[in-house]
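One structure is given here, and the rest of the page talks about it.
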Amino acid sequence: MKSARWLQEVRLSVELLLAHRLRTALCLSGLSVGVAAAMVMAAVTAGAERRVVERVRALGSNLVIVQAAPAARVAGRERQAEVETRLRPADAEAIVLESRRARAAAAAVIRPVLAHANGLRGNTVLLGTTVPGLGIRGIRVAGGRGFDEQEEREQRRVALLGRRVAGSLFGTLDPIGQRVNVGAVPFEVIGVLAPRGTDPGGTDLDNVIVTPLGTAMRRVFNIPYVHAVYVQGHSLGELDALAGEVRAVLEQRHPAAIGRPAPYQLQNQAVLLRTERGTVRALRNQSLAVGLLSLGLGGIGILTMMLMAARERVREVGLRRAVGARAEDIRRQFLLESALLAAAGGSAGVVAGLLVAVVSALVGSWEVVPPWRIAGLGVILSLGLGLVSGILPALRAARIEPAVALRAR
C-alpha cells in the first residue's frame, strides 16, 4: 500500500515538474553544469597525478640521484667544463659498500650527441652506464639483447637504441646488427629498448642511445669523470635516510672547499614525487572548490524554483488539504520534487562530465582518468543538496491554511 502511494507521489511530482519545462530545464542545467565541471576537473587531475607518478618512476625505482654540480666559471679560461669533474665510477662502489640502505648503485655519463646511420642523422642523448645501471634505471630491452659485463669490461662499441632513435635513423628497417655512428665512433646495434616515456623535466627517455659506461667515457667523450651516480634503496620510505648516508660518503670522498658549494647535487625521488603530487593536490583542491561552488549555485537554483512553486501552487495545496491531505503529505510532496530535481541534475552532470572527459582524452593530449568515486559522490551530494534546498519551501507550503488557500487567486 505504501509503495503504491509512493509511486503515485513520484508520478505526480514528475508531472508537476514537467508542467514547467523551461524552468525545470534551467534549474537542472545549473546543477548539472556544477557536477560536470567537478567531474572533468577530477578526471584531469587524476590523469595528471598518474602521469606524474609514471614520469618519476621512469627514472627508476627508489632512487637517490647524485648529479655533478654546474662548474663555476673562471674568467679568462677558454675551455671550461660545464659540470664539476670530481665524481668517479668508484664513488658508486663506495656508496654500496659504506651505506647499509643502498641496494645498488651505478655511475653514468649523459651528454647530447649527433648520431647518424643509414644515410640519416639526428640529435639524441648518449647514456653510458653499467650492467647494474640498466636495472636501476628500469631500462628494458624489447628487441635484441642488452650488453653484458664482459662487453662492459672490454669497452665494446655496442649500443642499445631508444624507440625514437631507432625509428628516426632506421625507419621500418630492423636496426639489430646494423651500425650507428655517434659522432665519429661506430657502434654495433645489439638491442632496441622498450618505451619509457618522459621524465618529470619533460626529457624524452626514448630518444637515447645506451652504451657501456667505459665505452662512453673513453671512446666517445674521453673523460675520467661521470655526470651522475644512481643509488637505489630498498623502499621509497627509506630514501630520506639513504640520501643522508650518500651525502656522508660523498663528503668524506669529495670534501668541499671552504666557502664553496659541494661539487655534486642530490635529488631524492621521494621528495620529487611528494613535490609533484603536492602540485597536483593543490590543483585538485582548487577543482573541488570550484565544484562545490557550482553545486552551491545549483542548490540556490533549486531553492528559488521550489519557493516559486510554493507561492504559485497555493490553491492546489489548499484543495489537497481540504480533501484530507495532511501537512506531512504536503511537506513530503515538495521534498520529493526537490530531491527528484536534484537527482536528475546530478545524474545529467555525471553523464555530461564523463562524456567531456572521454572526448578530452581522445581529442586532446591530456591523460584522463574517469573518476567513478566522484561520479557517485556527485549524485549523492546533489540529492542531499536537493533535500536541504527543499526544506524551506516544504515547510512554507505545509503551513498554508486550506481556507486561506482556497480564497487565493
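Readers should treat all values here as calculations from the given coordinates under stated rules, not as data from a laboratory. Predicted model, so just to flag it, every value in this text is computed and none were measured. Glycine also receives a Cβ, built like all others from the backbone with ideal geometry; neighbour counts cover every protein chain displayed.
Counted by neighbouring Cβ atoms within 10 Å, the residues 32, 294 run from fewest to most as 294, 32. Of all DSSP-defined beta bridges confined to the stretch 70-262, some 75% are antiparallel rather than parallel.
Provide 140, 103 in ascending order of the number of other Cβ atoms located within 10 Å of each residue's Cβ, fewest first.
Ordered by Cβ neighbours within 10 Å, fewest first: 140, 103.
Here the scattering of the stretch 70-262 is modelled by Debye summation over its C-alpha atoms, one equal scatterer each and no solvent; at q = 0.12 Å⁻¹ the log10 of I(q)/I(0) is -0.64. Each residue of the stretch 226-237 is assigned a 3J(HN,Hα), and the resulting list reads 10, 8, 7, 10, 9, 10, 9, x, 7, 7, 5, x Hz, derived from the Karplus form 6.51 cos²θ - 1.76 cosθ + 1.60 (θ = phi - 60°), x at Gly and Pro.
If you take all other residues with their beta carbon under 12 Å from the beta carbon of residue 265, and give Lys and Arg +1 and Asp and Glu -1, the sum is 0. Scanning residues 5 or more positions from residue 198 or on other chains, those with amide H under 5 Å from its amide H are 205, with H placed 1.01 Å from N in the peptide plane.
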